[in-house]
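> Just passing along the structure, written as C-alpha cells.
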Amino acid sequence: MGVTGLCDICRKRAVYSCSLCGKRICQDCMTVSGICKPCAGGYKIEQDKKFIETILKGKGIDDVF
Ligand SMILES: [Zn+2]
Ligand SMILES: [Zn+2]
C-alpha cells in the first residue's frame, strides 16, 4: 500500500502504512509483516516472524503475507 509523506516514527520518507495502527512508516520502521515497530513491540522482528504472526492472528489479520 503506497503512502505519501513522512514516517510517523523517524521522519524519513514513508512508503507504507501500518496494518494495525495506520501510521505512515518508512522501510526501516516496518517489520516483515507490514506493521510498524511500535505495534510489534519495538522488537527487531526480522528475526521473529512467528511472534508477529501470532500477534496478527490474535487481531484477526492473516492476509499480510
Ligand atoms: Zn521510519
Ligand atoms: Zn502500527
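The values are calculated or read from the model by the stated rules, or taken from the named source; none is laboratory data. The structure displayed is predicted, hence computed values, not measured ones. Here the Cβ positions follow ideal geometry from the backbone for every residue, glycine too, while neighbour counts run over all protein chains shown.
> Somewhere in the stretch 38-51, is a residue modelled with pLDDT of 90 or more and surrounded by 12 or more Cβ atoms within 10 Å (Cβ to Cβ)?
no
> Within the stretch 1-31, how many residues turn out to be of a type in the set (Gly, Ala, Ser) and within 22 Å of Glu53 (Cβ to Cβ)? Even if it seems obvious, please write down each step before you answer.
Filtering the stretch 1-31 for residues of a type in the set (Gly, Ala, Ser) gives 2, 5, 14, 17, 19, 22.
Of the ones still in play, those that are also within 22 Å of Glu53 (Cβ to Cβ) are 17, 19, 22.
Summing the residues that are of a type in the set (Gly, Ala, Ser) and within 22 Å of Glu53 (Cβ to Cβ) in the stretch 1-31 gives 3.
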